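Remarks on the structure that follows.
The values are calculated or read from the model by the stated rules, or taken from the named source; none is laboratory data. Because the structure is a prediction, the values reported are computed rather than measured. So basically every Cβ, Gly included, is an ideal-geometry build from the backbone, and we count neighbours across all protein chains shown. In case anyone asks, the SASA skips ligands and DNA or RNA and just uses the protein heavy atoms, side chains included. Shrake-Rupley method; radii C 1.70, N 1.55, O 1.52, S 1.80 Å.
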Amino acid sequence: NCYHQSKMASSADAGKAQAQAAEIMQKFESIKAEVRQYGLKIGELDSDRNEHSLVINTIKDLDPGRKCYRLIGGVLVERTIKEVLPAVERNLQGINQMVKQLSDHMKKKQTELDDFMEKYNIKPARQLQQQIGIKS
């Protein structure tokens, strides 16, 4: 009878441990996904930043009264360089600020991920393979 009770208790403990492990891995995957999302958004904004810089460098030395076209909300509108250049420069500043904010958030989230991995002794598969000598 005692054996049966202790066996039931140990299977309940094993179930609880499995649930905790699943919860830890779910939290780990969630933090990792957030870090990945920050990286993707920063990559997108870097592309926008490069496009804005290219436009600025292309039109900055041209006659300010010269016609140029700008895509606004899917509509191509005719403007002058004098009107467009300051707007594109403001947009570039906004993009730069956003990249900085996202980079700061990403660094904090990466630190949170690293701390979480250390706390629960989570190691990437590559690191485990290196430790036990498996070559991929």
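Worth pointing out:
- Consider region 50-83 and keep the residues that are charged (D, E, K, R) and outside any loop (DSSP other than H, G, I, E, B). The one that is least open to solvent (accessible area, probe 1.4 Å) is ARG70.
- Failed item, numbered, when LEU92 is tested on (1) open to solvent by 60 Å² or more (accessible area, probe 1.4 Å); (2) in contact with an Asp or Glu (Cβ under 9 Å, 6 or more places away or on another chain): (1)
- Residue match in region 98-109 (condition: in contact (Cβ under 8 Å) with a residue 24 or more places away in the chain, of a type outside the set (A, V, I, L, M), more than 21 Å from ILE42 (Cα to Cα) and out of contact with any Lys or Arg (no Cβ under 8 Å at 6 or more places or on another chain)): no
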